[in-house]
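For reference, the structure is listed below as structure tokens.
The values are calculated or read from the model by the stated rules, or taken from the named source; none is laboratory data. Quantities reported herein were computed from a predicted structural model and do not represent experimental measurements. Because the Cβ atoms are built from the backbone with ideal geometry, glycine has one as well, and the counts that use them run over all protein chains shown. Only protein heavy atoms, including side chains, enter the accessible area calculation; ligands, DNA and RNA are left aside. Shrake-Rupley method; radii C 1.70, N 1.55, O 1.52, S 1.80 Å.
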Amino acid sequence: MRDLETDLEELRESYTSGKTKEASWRKSQLNALLTILKEKEKDIFNALEHDLGKHYAEAYRDEVGTLTKSVNLALSSLKDWMAAKKAKLPLPAFPSTAEVFPEPLGVVLIFSSWNFPFGLSLEPLIGAVAAGNAVVLKPSELAPASSSLLATTISTYLDKKAVKVIEGGQVVGEHLLSYKWDKIFFTGSSRVARAVMTAAVKHITPVTLELGGKCPAIFDSFSSSWDKEMVIKRVLGGKFGTCSGQVCIGIDYILVQEGYAPTLVELLKNRTVKMFGENPRETKSMARIINKQHFSRLKNLLDDPSVKSCIVHGGGMDEHNLFIEPTILMNPPLEASIMTDEIFGPLLPIITLKKIEDSIGFINSRPKPLAIYAFTRNETLQKRIVSETSSGSVTFNDAVIQYAADTVPFGGIGESGFGRYHGKFSFDAFTHEKAVISRGMISEFWFRFPPWDDNKLALTKKAYSFDYFGFLLVLLGLKK
Amino acid sequence: MGTLSVNLLHICSVDSGYTRSFRNQFPKKRNLLLPIPVLNKQKRLQFAHSSFVCSAALAVMTDEEKKVFDIESAASLVKELRGSFNSGKTKSYEWRITQLKGIGKMIDEREKEILEALRKDLSKPEVEAFMSEISMTKGACKLALKELSHWMKPEKAKTSIATYPSTAEIVSEPLGVVLVISPWNFPFLLSVDPVIGAIAAGNAVVLKPSEIAPATSNLLSKLLEEYLDNSSIRVVEGAVPETTALLEQKWDKIFYTGTIRCIHLSCKEATIVVKLSRCFSTFRSPRVGRIIMAAAAKHLTPITLELGGKCPAVVDSNVNLKVAVRRIIAGKWACNAGQACVAPDYIITTKDFAPKLIDVMRHELEEFFGKNPMESEDMSRIVSVQRFKLLTKLLDEDNVADKIIIGGQRDENRLKIAPTILLDVPEDTEIMREEIFGPLLPIITVEKLEESFDVINSKPKPLAAYLFSENKQLHKDFVNNISAGGMLINDTILHLTVSSLPFGGVGESGTGSYHGKFSFDTFSHKKAVLYRGFAGESPARYPPYTLGKLKLLKTLNSGNILSILLALLGFSKD
């Protein structure tokens, strides 16, 4: 652990030397990340295959591709993001100039998680280096191949005096948390998040917590077959086709109107077979479960007899290969663990409601999720969902895709976390917006200074209420 | 019965109200009780008056018996407010506007009472109180009223090819039920200003004003009840037990203005900290900001901490000295006697220039506060005996007492300390290590002004940093090399009147920011809303995944329209 201390000292020195603040340094680090994504693409694919059995296409779409897009955006916007923003000034501060000057926070710590070991490590890292911070990244030990690839490539390609990857599990994590950081960015479970925030108290370190929750998908009735095809593909792609449902913004359960449920189940079943084949165990298009522990957690969810009886599709498991088939359930009991805990796996419960509008009350009676999805053409319902429910984000007629949209913030509310990132928001998450005003020495409102009298009070009142005419009158002694 | 209880309580509270609270703070030093009886006649009247107000409130309480504000009452309060919030009424534009108008009306109609309360708590001169509290709060309220519809409007966002075809917007939604804890130094402004933000954003709010400024706390409780919707906006007055009970609850946001450093806590506050830290047993370090954050961690509640720090003022020799000095005095002594989180805490200047600076300081101080500043009505007093003791302790330390070059007079009975300037106090003294938060101003001298950067950077990041200089390069270096919540060049404290700038700290001086639109944002969640169409899209997104799809995805990602077309048609080059 003494090594860690030297590491941290080196990072602090790099930061205080001021080099990480230079635009050239930030650019060079972002370019290095781009080089990694290009040159090490094969290695990244292999690591993801090793850790999670992700298909190359999925790995590219969700990690390498999305990251490339993000680095490019950061590179092309850096100058704009780094520029001080001018602000307007009121009369009492005249004559002056005001601006908001973005400055890096210092030495920051990023905890990433195992489900998107590259995406969730590098996405915040892009923001941190773009904002000019020195960074420690601790990838999840549960995706070991990815973690070690990150460690070796980052130390080779990036400035290792200012950006370090520290590998390890809980012990290392706790040890890291015992040091002083200027920001902690955490992606993971709310249980660990509590420990992280409690540790942050010691140095009142600001934190961003990217957590999860049970993200519902409201499924309205569709009549057009084109619409049906489209939305079913998107539901399944967003559930089983993205890390086998091990995603914080994955669809956790579907809400549907009673009468439409049989149609929905049929549609889902057919499309599942088209996507993953008659025998999904042989598919290459689905990631596996990360480890034994999570496998048995998911198995336990299904083993509850009252839940097991609700399976309408799939349910097969292969413990040896840590594989679970795409599984669809109809109306499992709401008090069963599968409906109280975040599922984080390829199990998809469908809950039926009398009316689709009831879904709003259903969602509001549960903790705020990271995402709400609604598949509907009904604009009144869309409006009601946006204004009457609360969640990190709302996406209509698609799932998971908001992760790739960098013009809107990505982040939770309530139990799904706080703080936001992606695009410019990532830069902001690692930046302090310093207000800077510069004044001249010439003019002065003498009424600012004691000794106080009624005339000064009158002037002040006019000045602060922007009553320039009244101000002039008092000034000229024409008004009391 | 009613009259009787009022009378009884009146007698009790005159005797026990203030006296008891002082005794609690210094249980072993009886002689500290003396200041109360020897207060001048005017002061005594004020105290008697305010204790009568207290007793009236108490009398109402006794009617309903055991109405102690404990964890249960806090829980039921939060439950009630959550009910209001869930009903959706606080989200409506009309509700927000009505409440904001209520605040505006309250300030207009009750200005006299507010100024009176501030005079009772801090002997704040009227003009100063008007400038720093009334007008600032009114300004914030006016701005919110004017801009609200604009702030509430969803913000359109561009969408990229990755999510094409779609439209996206950012919707600001209220966080829920929020807690605002405010301090005693600007007890009106720092209570109502964040409440304005919370209301504008559509939240239900509980305000806990500081008990160290009892008259204002009491008035706020009365006025907010009178002018605002009580089903969604409440004031809880109190100290240790009340704060503990509140912090036990789950909030959707905690907004705390105050201090993290022990030195500028009064003993009463320090007791809260110790007791609270026992409650939460996370940290023994007596710092309130941390206690708040530890409590928030339990429920993963986002927090804004508006703290303080030692705000430096660097003075170059090329300045218009008279203007510079007046501006320093305005930010230090004419602003609550230095009891402000953005007050200049110490000055750094060059050895050669220091004598000149001190001469002008002496002259201007006399202009402002007269030959005998102890008799000036134009400076606030120290808030409490405890704070007075702490400040004089700073002055009486070895190596400090002999450094006083201006001022140093004090009067414990009237809780007054004259504007005091010290020269070249050693760095290892308490006055140079802790935030002063009072009318004492040490001047540190350096050989070359650039050395000031090291002095500042060797301390925790302050809430504000000031520079007086005509040297443009120095301005630049100062902005680039010094980290602080905010910066003001050639003036002090004015930056917090500017609503177009975020006001907030960094590092030890806090986290989060507010004022103007930033207040609205602080109490809002920025919800990303994405609307997708049903038009065609690349099948490459969906399983079964193939290497062909990988290639297509790569091309799509490149954003090059020609390559996309080629790839879609199967003519891709690689």
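Would you please report the Å³ per residue occupied by the convex hull of the alpha carbon atoms in the protein assembly as shown?
Spelled out: Cα convex hull of the protein assembly as shown, divided by residues, is 178 Å³.
Which residue, chosen from A:LEU353, B:PRO125, B:ALA343, occupies the Cα position most advanced towards the positive end of the dipole of the protein assembly as shown, where the dipole is computed from +1 (Lys, Arg) and -1 (Asp, Glu) charges on Cβ about the Cα centre?
Of the listed residues, the answer is A:LEU353.
Alpha carbons only, please: Rg and Dmax for segment A:65-211, in angstrom.
Radius of gyration, then largest Cα-Cα span, for segment A:65-211: 17.5, 60 Å.
For segment B:457-544, just run the numbers: alpha carbon Rg, then divide by 2.2 N^0.38 Å, N being how many residues it has.
That works out to 1.78 for segment B:457-544.
For segment A:241-352, what is the percent of antiparallel DSSP beta bridges, rounded to the nearest 5?
Rounded to the nearest five, the antiparallel share is 35 percent.
What is the Cα centroid distance between segment B:99-127 and segment A:294-326, reported in whole angstrom?
65 Å
Helix-derived [θ] at 222 nm for the protein assembly as shown: sum -39500 (n - 2.57) over DSSP H runs of at least 4, divide by residue count, nearest 500?
So the calculated ellipticity at 222 nm is -13500 deg cm²/dmol.
Given the options B:MET379, A:LEU322, A:SER17, identify the residue whose Cα lies farthest towards the positive end of the charge dipole of the protein assembly as shown (+1 on Cβ of Lys, Arg; -1 on Cβ of Asp, Glu).
B:MET379
When only DSSP loop residues count, what trypsin sites (Lys or Arg not before Pro) in segment B:418-501 have their Cβ near at most 10 other Cβ atoms within 10 Å?
B:LYS448
By how many nm would the segment from B:LEU547 to B:LYS298 lengthen if fully extended, with 0.36 nm per residue of separation less the alpha-carbon distance?
So the extension gain works out to 85.0 nm.
For a label point 7 angstrom out from the Cα of A:HIS203 toward its Cβ, which stretches of segment A:136-179 have the backbone nitrogen within less than 12 Å?
A:136, A:176-179
How much length would be gained if the chain were fully extended between A:SER221 and A:LYS269, taking 0.36 nm per residue of separation minus their Cα-Cα distance, in nm to one decimal?
My answer for the length gained is 15.6 nm.
Expressed as a whole number of Å, what is the distance separating the alpha-carbon centroids of segment A:384-416 and segment B:209-245?
36 Å
May I ask for the distance between the Cα centers of segment B:419-479 and segment A:200-277, given as a whole number of Å?
57 Å
Output wanted: per-residue J couplings in Hz (rounded whole) for segment A:226-238, from phi through Karplus 6.51 cos²θ - 1.76 cosθ + 1.60, θ = phi - 60°, x for Gly and Pro.
Each residue's phi maps through the Karplus curve to give 4, 4, 4, 3, 4, 6, 5, 4, 5, 5, 5, x, x Hz.
Towards the positive end of the charge dipole of segment A:42-196, with charges on Cβ (+1 Lys, Arg; -1 Asp, Glu), say which of A:LEU78, A:GLY169, A:SER112 has the farthest Cα.
About the Cα centre, the residue reaching furthest to the positive side is A:LEU78.
For segment A:147-213, what's the radius of gyration and Dmax over Cα atoms, in angstrom?
13.1, 37
If you roll a 1.4 angstrom probe over the protein chains with everything in place, what fraction of the accessible area of the protein assembly as shown belongs to carbon and sulfur, to the nearest %?
Ligands and nucleic acids excluded, carbon and sulfur reach 56 percent.
Dividing the convex hull volume of the alpha carbon atoms of segment B:371-512 by its residue count, what do you get in Å³ per residue?
150 Å³
Using protein chains only (no ligands, no nucleic acids) and a 1.4 Å probe, work out which residues of segment B:495-513 have their accessible area cut by at least 20 Å² relative to the chain alone.
For segment B:495-513, once contacts with the other chains are taken into account, B:THR497, B:VAL498, B:SER500, B:LEU501, B:PRO502, B:VAL506, B:GLY507, B:GLU508, B:THR511 lose 20 Å² or more.
Using only alpha-carbon positions, what ratio does the radius of gyration of chain A give when scaled by 2.2 N^0.38 Å?
1.16
Of A:LYS38/A:LYS161; A:LYS27/A:LYS180; A:LYS27/B:LYS461; A:LYS161/A:LYS434; B:LYS332/B:LYS416, which sit over 20 Å apart, Cα to Cα?
A:LYS38/A:LYS161; A:LYS27/A:LYS180; A:LYS27/B:LYS461; A:LYS161/A:LYS434
Tell me, what is the per residue accessible area of chain A in Å², probe radius 1.4 Å?
Per-residue value: 37 Å².
About the Cα centre, and with charges only on the beta carbon of Lys, Arg (+1) and Asp, Glu (-1), how big is the dipole of chain A? Nearest 20 debye, please.
Dipole size: approximately 1400 debye.
Express the accessible area of segment B:287-430 per residue in Å², computed with a 1.4 Å probe while the remaining protein chains stay in the model.
I get 31 Å² per residue for this part.
Using a 10 Å cut-off on Cβ to Cβ distances, tally the other chain neighbours for every residue of B:172-183 and report the average as a whole number.
The shielding value for this peptide is 1.
Residues of segment A:404-428 losing 40 Å² or more of accessible area relative to the isolated chain, 1.4 Å probe, heavy atoms only?
A:THR407, A:VAL408, A:PRO409, A:ILE413, A:PHE418, A:ARG420
Once you place label points 7 Å from the Cα toward the Cβ at A:ASN291 and B:SER87, how far apart are they in nm?
Taking the two extended label points, one gets 5.0 nm.
Angle between the Cα long axis of helix A:261-276 and the longest principal axis of chain A, 0 to 90 degrees, nearest 10?
Value to nearest ten degrees: 90.
So what J values fall out for segment B:459-476 if you push phi through Karplus, 6.51 cos²θ - 1.76 cosθ + 1.60 with θ = phi - 60°, rounded to Hz, Gly and Pro as x?
Using θ = phi - 60°, the values come out as 10, x, 4, x, 6, 9, 9, 10, 9, 10, 6, 9, 7, 4, 5, 5, 3, 4 Hz.
What order do B:GLU72, B:GLU226, A:GLU58 take when sorted by accessible area (1.4 Å probe), most exposed first?
B:GLU72, B:GLU226, A:GLU58
What order do you get for B:201-209, B:345-353 when each peptide is scored by the mean count of other beta carbon atoms within 10 Å, highest first?
Listed from highest to lowest mean packing, they are B:201-209, B:345-353.
Determine the total buried accessible area between chain B and chain A, counting protein heavy atoms only with a 1.4 Å probe; round to the nearest 100 Å².
The buried area between B and A, both sides summed, comes to about 8800 Å².
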